[in-house]
Each structure stands twice: as structure tokens, then as C-alpha cells.
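The next block holds one structure in the form of C-alpha cells; read it before the comments.
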Amino acid sequence: MGTTFNLNGKSVNFDGDPETPILWVLRDHLDVMSPKFGCGAALCGACTVHLEGNAIRSCSTPVSAAAGKNVTTLEGLAPKMGKALNEAWVEFDVPQCGYCQTGQMMSAADLLTTNKHPSSGDIKNALSGNICRCGTYARIEKAVKRAAD
Ligand code: FES
């Protein structure tokens, strides 16, 4: 029977241990590679995806929590939100190594759905759980503001 959930608008099934973290179901079983493994302990944000529209740490959330619900990755962000974020990320040349950036963008998307014109403080707060070892924070902040325009 397994665990059935909606991934980027399509119904998918995972026929393994329901305690498997969503991250590994996405990467190892469904070939969705945008969420990254960083710390595996809900500390870095590299694995951020949306569950029912809210940013979550997929490394630390069992797939059972997604049963019957909507999971969204960067690949499935609504065309408008995904396009705005992509264009802003390109405009400000945000990524350095790039590893954390999909998580940063998923947290930004969550913020922008509830706060259309976030202040610098709002952005820092909302993305404070997304660590970037290259220190691209200033460019991320500019890009989130541009995406909100
Ligand atoms: Fe999930 Fe770091 S890999 S928070």
C-alpha cells in the first residue's frame, strides 16, 4: 500500500518504511534532486521543501507526515513564483557554490506567499534557518526583494 502523496501536483506512492525522511524518498526513489542533504538534523535548511505550502526540513520529516498531502519542490513552484525567484536569483548572481540555494528559494517562496513586501528584517527572520557557507546573504536579500516587486 505504501504512502501516497501529491508531489508537484501529481500523485506519487512510496512503498517503503513510512518513517523514511521525505528527502530520501524524493531523491532516491522519485528522482527529484533539488532538495539537498546538508546536516540531516534540521539545522541547515538545504533540504527545504513545502508541505501544504509551508517550508519544512525534509531531512527530518517522515514521509508518513506527507500522506494525502501536497509536497512541493523547486521544480513544482507555481510558474509565477518560480519564475520571479529564478529571474531575481539570476539578476543578482546569487549563488556561489549553489548547494544551499534551492532551500533558500523554497523558504523565500514560503515567505512571499504570506508577506508580499517583506522588509529586510522579515527576510532575515524567514531565512534565518537556511545556512549559506559562502555567505551570499546580502544577495539573497536583494533577490527576495526583487522577486516581491
Ligand atoms: Fe535538512 Fe540540513 S539537511 S536541515
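The numbers here are math on the coordinates, done by the rules we state, and not lab data. Since the model is a prediction, treat every value here as computed from it, not as a measurement. FYI the Cβ positions are ideal-geometry reconstructions off the backbone, even for glycines, and counts take in every protein chain you see.
How about the stretch 77-110: which of its residues are hydrophobic (A, V, I, L, M, F, W, C) and surrounded by 20 or more Cβ atoms within 10 Å (Cβ to Cβ)? Spell out the reasoning first.
As a first pass, look at the stretch 77-110 and keep what is hydrophobic (A, V, I, L, M, F, W, C): 77-78, 81, 84-85, 88-90, 92, 94, 97, 100, 105-106, 108-109.
Matches in the stretch 77-110: LEU77, ALA84, LEU85, ALA88, TRP89, VAL94, CYS100, MET105, MET106, ALA108, ALA109.
Among residues of the stretch 93-121 that are under 11 Å from ASN54 (Cα atoms), those with a Cβ under 7 angstrom from a residue that is exposed (fewer than 13 other Cβ atoms within 10 Å of the Cβ), sequence gap 6+ or separate chain, pair up as ASP110/ASN54; THR113/GLY53.
Put simply, of ALA108, ALA55, ALA41 the only residue that is within 13 Å of the chain's Cα centre (by Cα) and within 14 Å of the ligand (Cβ to nearest atom) is ALA55.
Just to be sure before I move on: is ALA148 in contact (Cβ under 8 Å) with a residue 12 or more places away in the chain, buried (at least 21 other Cβ atoms within 10 Å of the Cβ) and of a type outside the set (Ser, Thr, Tyr) in the structure I sent?
On the way: in contact (Cβ under 8 Å) with a residue 12 or more places away in the chain: yes; buried (at least 21 other Cβ atoms within 10 Å of the Cβ): no; of a type outside the set (Ser, Thr, Tyr): yes.
Judged against the criteria, ALA148 is not a match.
Given the condition within 11 Å of the ligand (Cβ to nearest atom), β-branched (Val, Ile, Thr), surrounded by fewer than 21 Cβ atoms within 10 Å (Cβ to Cβ) and farther than 21 Å from CYS97 by Cα, answer yes or no: does some residue in the stretch 60-74 qualify? Yes, the stretch 60-74 contains at least one residue that is within 11 Å of the ligand (Cβ to nearest atom), β-branched (Val, Ile, Thr), surrounded by fewer than 21 Cβ atoms within 10 Å (Cβ to Cβ) and farther than 21 Å from CYS97 by Cα. Since VAL25 meets every condition but one in (1) within 12 Å of the chain's Cα centre (by Cα); (2) crowded, with 22+ Cβ neighbours inside 10 Å; (3) aliphatic (A, V, I, L, M), which condition does it not meet? Unmet condition: (1). Out of the stretch 111-130, which residues are assigned to a loop (DSSP other than H, G, I, E, B), over 17 Å from the mean Cα position of the chain (by Cα) and of a type in the set (Ser, Thr, Tyr)? SER119, the sole residue that qualifies. Here the stretch 28-38 is the region considered, the condition is being in contact (Cβ under 8 Å) with a residue 12 or more places away in the chain and more than 15 Å from the chain's Cα centre (by Cα), and the residue that is farthest from GLY82 (Cα to Cα) is HIS29.
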